[in-house]
Amino acid sequence: DFDLFTLDDVDLAFDSVVQLKYSQHVVLEGKGQGIEITPFAAGHTIGGTIWKIKKETEEIVYAVDYNHKRERHLNPTVLETLTRPTLLITDAFNSQNFQTSRKKRDTELFESIVGTLKADGNVLLPTDTAGRVLELLICLDQYWSTERLGNFTVAFLNNVSYNTIEFAKSQLEWMSDAVMKSFDNNRENQFVFNHVKLCQNLSELEKLPKPYAVLTTMESLESGFARDLFLEWAQDPKNLIIFTD
């Protein structure tokens, strides 16, 4: 039995969290007196943040896990506007990666998925729980509408799939200008899907018509629904697995 902490401990921890908006300046008190912190958009996930930490004339920018390219639902990071800090703390995780154009990547992704489905195979896309998977869901739902692929199923399989999408619907202020404009002008919420089916367990997935493309956790296949489906589908050469990260 797990006894390191309880749900009450989790609630107590969240009671200590202070919510901030981007560009909101906060001056710390107590042991951190005199230190000012400011969050800025990281452009990688909803609420993803890079931090500027300032004390007197010294500035530290902590920027780990950010994205300088515009996504379908997120604006790019504002890191390049934070000029000449005293110290920049960052990473070089993707420094050696060469990416083709987005149009080419999207075309290859869609063609691989649809080609497999038309050959009566299933497609497994291991993803995270509530980060990059949101952009994948948006682009697949839009592509399904554009190409009229309603005869094939796209499913988001996760224990908290419903909660994730409902939360995303309410967080438009953290998203891209395009998402906000679409909602303000046309009252369109990109997370109200026309084709993506939400499932919380394998039983719900099995009720959907096959073949299907399934986005589910975990990316590493160490555990979760992605591992279960991989073990079940790997023996059939008609099926396909796509690592999207």
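The values are calculated or read from the model by the stated rules, or taken from the named source; none is laboratory data. Predicted model only: the values in this text are computed from it and were never measured. Here the Cβ is made from the backbone with ideal geometry for all residues, glycine too, and neighbour counts use every protein chain on show. Each accessible area value is taken on the protein alone, full model and side chains, heavy atoms only, with ligands, DNA and RNA left out. Shrake-Rupley method; radii C 1.70, N 1.55, O 1.52, S 1.80 Å.
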Exercise for the section: Give the distance, in whole Å, between the Cα centre of region 9-73 and the Cα centre of region 134-194. Expected result: 27
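Explain nothing, just the number: dipole magnitude of region 55-209 about its Cα centre with +1 on each Lys and Arg Cβ and -1 on each Asp and Glu Cβ, in debye rounded to the nearest 20. Write down the numbers at each step before the final one.
Values: 17 positive and 22 negative charges, 93 e Å.
Charge dipole of region 55-209: 440 debye, to the nearest 20.
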Practice task
Search the structure for amide H atoms under 5 Å from the amide H of Tyr22, placed 1.01 Å from N in the peptide plane, and list their residues when 5 or more places away or on another chain.
Solution key: none
Handout entry: Rounded to whole Hz, the Karplus (6.51, -1.76, 1.60) HN-Hα couplings of region 215-232, x for glycine and proline
Key = 9, 7, 9, 9, 4, 7, 6, 5, 7, x, 5, 4, 5, 4, 5, 4, 5, 7
Completion exercise
Hydrodynamic radius by Kirkwood for region 42-181, inverse mean 1/r across distinct Cα pairs, in Å, is 17.6
Exercise for the section: Take the Cα atoms of region 108-202, find their three principal axes, and give me the spread along each one in whole Å, biggest first. Expected result: 41, 29, 20
Exercise for the section: Specify which labelled value, from (1) 1.08; (2) 1.27; (3) 1.17, agrees with Cα Rg over 2.2 N^0.38 Å derived from the coordinates of the model shown. Expected result: (3)
Fill in the blank from the handout: A correct Karplus calculation of ³J(HN,Hα) over region 98-103, with 6.51 cos²θ - 1.76 cosθ + 1.60, θ = phi - 60°, whole Hz and x for Gly and Pro, returns 10, 9, 6, 5, 4, 4
Fill in the blank from the handout: Taking Lys and Arg as +1 and Asp and Glu as -1, residues besides Lys210 with C-beta under 15 Å from its C-beta add up to -1
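From the protein chains alone at 1.4 Å, what is the descending order of accessible area for Thr116, Thr90, largest first?
Working: Thr116 20, Thr90 65 Å².
Putting Thr116, Thr90 in descending order of accessible area: Thr90, Thr116.
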